[in-house]
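**Q** Submitted below is the structure of interest, expressed as structure tokens.
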């Protein structure tokens, strides 16, 4: 099997994202950077999981209790929580696609 990505043209991807109220431009996709792509991922996770970005960024209190200086890590633990939510969403997408490919 050979794969070619992306299967959609940039304009089609942008149109699909805009249909989901996710601001994006062709330039954002052609010249990606963390500042451009991260908000797209965050909004995708928010739309799919139904959890607001701010709620996803809330650090787990038991993790905060384990730290000696939790106030130094408030932002980083929120980033870890958001990254975890993105990972779970994309992992589930991969599992779903593999299930479709191998079970059909």
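**Q** If a residue must be farther than 24 Å from residue 77 by Cβ and at pLDDT below 80, how many such residues does the range 17-55 contain?
**A** So the answer is 0.
**Q** Also, quick follow-up: Just give me the residues in the range 56-76 being under 17 Å from the mean Cα position of the chain (by Cα), at pLDDT below 75 and in a helix (DSSP H, G or I), in sequence order.
**A** Across the range 56-76, the qualifying residue is only 56.
The values are calculated or read from the model by the stated rules, or taken from the named source; none is laboratory data. It should be emphasised that the depicted structure is a prediction, and the values quoted were computed from it without experimental measurement. When we count neighbours, we look across all protein chains shown, and the Cβ atoms used for this are built from the backbone with ideal geometry, even at glycine.
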